[in-house]
Amino acid sequence: MATTDDVTNGMTEPCEVCDTDTLHEITVQLITEGGSGENARYSREPYRVRECLRCGNRDSQRMNNA
């Protein structure tokens, strides 16, 4: 579970690469899942993207399963 670190004003989360809780930058990005064409702009889905500020490892998770 993510926690707030008052000293650095960031989010600490477990990092699989560092094998410890580290500071992460958390963003939400809209990613197009469909193919190309006219309807591609309607197939965007929100993803939670996190990046470890220690090692740079990035991963993403789809936020809804509609």
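The values are calculated or read from the model by the stated rules, or taken from the named source; none is laboratory data. Please read all numbers here as calculations on a predicted model, not as lab measurements. When the accessible area is computed, the model is the full protein with side chains, heavy atoms only, and any ligands, DNA or RNA have been set aside. Shrake-Rupley method; radii C 1.70, N 1.55, O 1.52, S 1.80 Å.
Any residue in segment 46-66 that is aromatic (Phe, Trp, Tyr) and modelled with pLDDT under 90? Let's see the steps before the verdict.
Going through segment 46-66, the residues aromatic (Phe, Trp, Tyr) turn out to be 47.
Keeping just the survivors that are modelled with pLDDT under 90 gives none.
Within segment 46-66, none of the residues are aromatic (Phe, Trp, Tyr) and modelled with pLDDT under 90.
Within segment 12-34, can you find the residues that are open to solvent by 60 Å² or more (accessible area, probe 1.4 Å) and part of a loop (DSSP other than H, G, I, E, B)?
Residues satisfying the conditions are Glu16, Val17, Asp19, Glu33.
Gly37 - would you say it is open to solvent by less than 80 Å² (accessible area, probe 1.4 Å) and at pLDDT below 75? Quick ask: steps written out before the conclusion?
Details: open to solvent by less than 80 Å² (accessible area, probe 1.4 Å): yes; at pLDDT below 75: yes.
For Gly37, the condition - open to solvent by less than 80 Å² (accessible area, probe 1.4 Å) and at pLDDT below 75 - is met.
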